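The values are calculated or read from the model by the stated rules, or taken from the named source; none is laboratory data. These numbers come from a predicted model, not from an experiment. Glycine gets a Cβ as well: all are built from the backbone with ideal geometry, and neighbour counts include every protein chain shown. For the accessible areas, the whole protein counts, side chains as well, though only heavy atoms, and no ligand, DNA or RNA atoms are used. Shrake-Rupley method; radii C 1.70, N 1.55, O 1.52, S 1.80 Å.
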Amino acid sequence: MSILWFDCETYSECDLKTHGTPRYAEHPSTEITVAQWALDDGEPQVLDYTDPDRRMTAGEVVLQNALRDPAITVVAHNSMFDRTLLRECWGIDIPPERWYDTMIQAMSHGLPGGLDKIGGIVGLSADEAKDKRGRQLIQMFCKPQPRTKKRNTRETHPEQWAEFLEYSRQDIVAMRAISKKLPNWNYKPGAPELALWHLDQRVNDRGYMVDVDLARAAIEAVAEEQARLKQLTVETTGGAVSSPSKRDQLLAHILMDYGVSLPDLKADTLKRRLEDPELPEAVKLLLSIRLEATKTSTAKYKAAINATSSDSRLRNTLQFAGAQRTSRWAGRVFQPQNMPRPDMDLIAREMKVPAKKAEDVCQDYLDVGASALKQGVAPQMFDDVIGLTANLVRGCIVAPPGKKLVIADLANIEGRGLAYLAGEAWKIQAFRDYDTITGFDAKGKPIRLGHDLYILAYARAFNIDPSKVEKWMRQIGKVMELGLGYEGGVAAFLTFAAVYQMDLDELAEAVWSTASEDALAAAQGMLEWVKKKRRSTFGLSDRVYIACEVLKAAWRKAHPMTCALWENVSTSVLLAIANPGETFRVRQLAIRVDGAWLRIRLPSGRYLCYINPKVEAKQISYSGVNQYTRQWDRIKTYGGKLVENIVQAWARDVLAYNMAPIEAKGYEIVLTVHDELLTETPDNPEFTADTLGNLMSSPPSWAADCPLAAAGFETYRYRKD
């Protein structure tokens, strides 16, 4: 089978970064200006479509025939762009199954997606590398100039245009060389991952319907509310504070006029102080204004409006293998993977129901709120308009006429995956028991054979009957489960305690009143060791630190197989690095080093890949993108972190396994958010959330004995269930 290496350059008045590829491609000014290509190992050719004297050449005939030949595989870097432009500009609609993408080839093996970055990592020679001058040339010829708003052309800048054509040719050289140097373990013809990527491309092409009117109304409502809050701040402070966003002005005013000192204006700080009955009412008002004014921005609404196509669908917001190593999907443009959770306390206040009833009225709140925003009457119906817009971000995603959204989410998939991969037998059985429904109570709520895992986590840690676990104990169990599964200590526990707004002083009191003397003494000894080693105690009091340490130790004692998995993976990686070419097995995993790559084979057959692994003073590291600097750097790791990568990759593979069968049953996938699938179906009873959940939780052949569960709901406007 022949390979067509293809790339194209374009010009448009539409900003690609702001509007995204589909909206960019359909803009009237968008055109393909240069096409560069090669067949197999042939010499790269460049076609200049701006040349007024251009005639159909033999080379162009070959290119056009190759693009239309179903037997030829088309290879591109970031092929979504090229495929979309070919369809919109030239009318050549090449199905995803004919494409192979070198960007995805790199990302599927834990590398970044940029062609120039990949070239540096894999060590391309100077004559193969992507021309770094290209970025400047793209700015010169692919968009109007910022200052003059005019277009540079081959006539206005002939020397630079000649450079641009050579740069275009070099892209083919670099892409072809990179593809040959990269591994293809996770992305090869006939492999499940390539078929999954083809499905991903169809999902991205499909996109999802956006309520553009709601997005515009939300932006307008926030602007009006921000103006009102700004004026109220000025009036309340006598002009001393010009806006609730002016942090230093606000802190100084509250201190000088009311004698109230605040360490910061973080939301948690303000919420705690608002509960102080001694706080002056004027200060409460200012803090409430600050909380409301800084609750959200309109960035996601603006992104949705900018990138939504003329048919009101937003496309290409999922990046396949966007999360390095695990290959989970990442968000693009609208960033659907990063939407705020609904504020249930706010919903309860607005709907005037007890907090425990907030979930029951959430759908009504969202529907009424969306209607009120679009009619311009939200300020008359809701006390917190900005909070309403924050809660409605998901609600921009709607079902088109005649259809509904059927949504389901894999239940605690990481917790199940960790227990399964570690062989934590009691916990695997606990999941099975919880999934077993023995009946229904008078309110229709299922009666389960076993307790939920957050209750069991606390009960097992403190050796008490699960039926005696109270609500506050379950919350501690939840934070333990979420924070301690990957060898995390006090710091990891604190991260999740903050997410769930846990009062650490109350936590300490609860732990000290229930923990054994031996547990407290052991935790006290650990604290003394930490201080002796001059390690951070995170600004915690001794009492709070000891309480967190007690919880960490109790969780680990209850999970001996999980702790063993951390240790076994770490040891096997150390051995693999020291013995290249030899395979070391840990339960269902296989670990080895081949050349520059550390590979961990997952049960699905896919590999986690780490390039340039090293061990120095027993510390494992590899080359990767530093999550803080975003630069290519040495990344340190350890057993628990490697297990986290493994479990998250396993969970992603479970989700992916059933996506094709789900599509085949008529549930058209439009989005995946973490472990959740959003599908569009005909609006009839044949399609249900229960059916979708059953399809999603069908065990893969490589995890046939792992208990899986999924649940969901049907709606016309997306929400978090």
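Work out, step by step, the length gained on full extension between GLN249 and ASN694: first 0.36 nm times the residue separation, then minus their alpha carbon distance; give nm to one decimal.
Between GLN249 and ASN694, full extension yields 154.7 nm more.
Can you list the residues, at least 5 places off or on another chain, whose amide H is less than 5 Å from the amide H of ASN78, using H built in the peptide plane?
THR102, MET103, ILE104
Where a ≥ b ≥ c are the square roots of the eigenvalues of the C-alpha gyration tensor, would you call region 128-268 rounded, which needs a/c under 1.5, or, failing that, prolate if a/b is larger than b/c, or oblate?
prolate
PRE reach from THR156 (point 7 Å along Cα→Cβ): which of region 1-41 fall under 14 Å by backbone N?
11-13
Quick one: accessible area per residue over the chain, 1.4 Å probe, rounded to a whole number of Å²?
Numbers: 33260 Å² over 721 residues.
Solvent-accessible surface per residue comes out at 46 Å².
Can you tell me the FRET efficiency between ARG349 and ASP705 if r is taken as the Cβ-Cβ distance and R0 is 35 Å, rounded to the nearest 0.05?
0.15
To test your reading of the geometry: what angle, between 0 and 90 degrees and rounded to tens, separates the Cα axis of helix 358-375 from the longest principal axis of the chain?
50 degrees
Using a cut-off of 20 Å between alpha-carbon atoms, which lysines can reach LYS468, once sequence neighbours fewer than 8 places away in the same chain are excluded?
Partners found: LYS427, LYS478.
Determine the gain in length on full extension of the stretch LYS271-MET381; use 0.36 nm per residue of separation and subtract their C-alpha separation, reporting nm with one decimal.
In short, 37.2 nm is gained.
On a C-alpha basis, how far is the centre of region 289-366 from the centre of region 547-572 in Å? Whole number, if you could?
With region 289-366 and region 547-572 each reduced to a Cα centre, they are spaced 35 Å.
Where the accessible area of the chain is counted over protein heavy atoms with a 1.4 Å probe, how much of it, in %, is carbon and sulfur?
So the carbon and sulfur contribution to the accessible surface is 50 percent.
Could you rank the peptides 6-17, 103-114 by their average count of other C-beta atoms within 10 Å per residue, with the highest value first?
Descending packing order for the listed peptides: 103-114, 6-17.
Okay, which of region 474-492 sit inside 14 Å, backbone N to the point 7 Å along the Cα-Cβ direction of ARG341?
Only 475-483 fall inside the zone, counting backbone N under 14 Å.
Can you give the net charge of the other residues whose Cβ lies under 15 Å from the Cβ of ILE635, counting K and R as +1 and D and E as -1?
Values: positive: ARG325, LYS614, ARG630, ARG634, LYS636, LYS641; negative: GLU616, ASP633, GLU644.
Charge balance in the 15 Å sphere: +3.
What trypsin sites (Lys or Arg not before Pro) does region 514-580 have in DSSP loop regions with at most 16 other beta carbons within 10 Å?
LYS533, ARG534, ARG535
Give me the Å³ per residue figure for the convex hull around the C-alpha atoms of region 64-108.
Considering the Cα atoms of region 64-108, their hull volume per residue is 63 Å³.
Quick check: pseudo-label points 7 Å beyond the Cα along Cα→Cβ at HIS674 and SER621, how many nm apart are they?
About 3.2 nm, to one decimal.
With each run of n ≥ 4 DSSP H residues scored as -39500 (n - 2.57), what mean residue ellipticity at 222 nm is computed for the chain after dividing by its residue count and rounding to the nearest 500 deg cm²/dmol?
About -15000 deg cm²/dmol.
Roughly how compact is region 557-614, stated as its Cα Rg over 2.2 N^0.38 Å to two decimals?
Compared with the compact-globule rule of thumb, region 557-614 sits at 1.14.
Using the Kirkwood radius over Cα pairs, work out the Stokes-Einstein diffusion coefficient for region 73-144 at 10 °C and 1.306 mPa s, in µm²/s as a whole number. Write out the running numbers ahead of the final one.
On the way: Rh = 13.9 Å.
Rounded, D is 114 µm²/s.
Just order 583-595, 148-160 by mean Cβ neighbour count inside 10 Å, highest at the front, would you?
The peptides rank, most packed first, as 583-595, 148-160.
Going by a ≥ b ≥ c, the root eigenvalues of the Cα gyration tensor, does region 29-87 fall in the rounded group (a/c under 1.5), the prolate group (a/b larger than b/c) or the oblate group?
Cα axes put region 29-87 in the oblate bin.
Note down the net charge around CYS706, summing +1 for each Lys or Arg and -1 for each Asp or Glu among other residues with Cβ under 11 Å from its Cβ. Intermediate values should be presented prior to the final figure.
On the way: positive: ARG416, ARG432; negative: ASP705.
So the surrounding residues net to +1.
Please list, in order along region 440-449, the HN-Hα scalar couplings obtained from phi with the Karplus expression 6.51 cos²θ - 1.76 cosθ + 1.60 (θ = phi - 60°), rounded to whole Hz, x for Gly and Pro.
9, 7, 4, 8, x, 7, x, 9, 9, 5
Quick one: Kirkwood hydrodynamic radius for the chain, alpha-carbon pairs, angstrom, one decimal?
28.9 Å
Go ahead and run the numbers for FRET between GLN588 and LEU279, Cβ-Cβ distance against an R0 of 56 Å, rounding to 0.05.
E between GLN588 and LEU279, to the nearest 0.05, is 0.50.
Dividing the convex hull volume of the alpha carbon atoms of region 280-412 by its residue count, what do you get in Å³ per residue?
178 Å³
For ALA491 and GLU43, calculate 0.36 nm times their separation in residues minus their Cα-Cα distance, and state this gained length in nm to one decimal.
In short, 155.7 nm is gained.
Quick check: net charge around PHE687, other residues with Cβ under 12 Å of its Cβ, Lys/Arg +1 and Asp/Glu -1?
Around PHE687, the surrounding residues sum to -3.
On the first, second and third principal axes, largest extent first, how far apart are the outermost C-alpha atoms of region 1-46 in Å?
In descending order, the Cα extents are 36, 19, 15 Å.
Let me cross-check SER536: its accessible surface, 1.4 Å probe, with only protein heavy atoms counted, in Å² to the nearest 10?
Surface accessible to solvent at SER536 totals approximately 70 Å².
For labels at TRP529 and ASN78 in the simple 7 Å Cα→Cβ model, what's the distance in nm?
The modelled label-to-label distance comes out at 4.9 nm.
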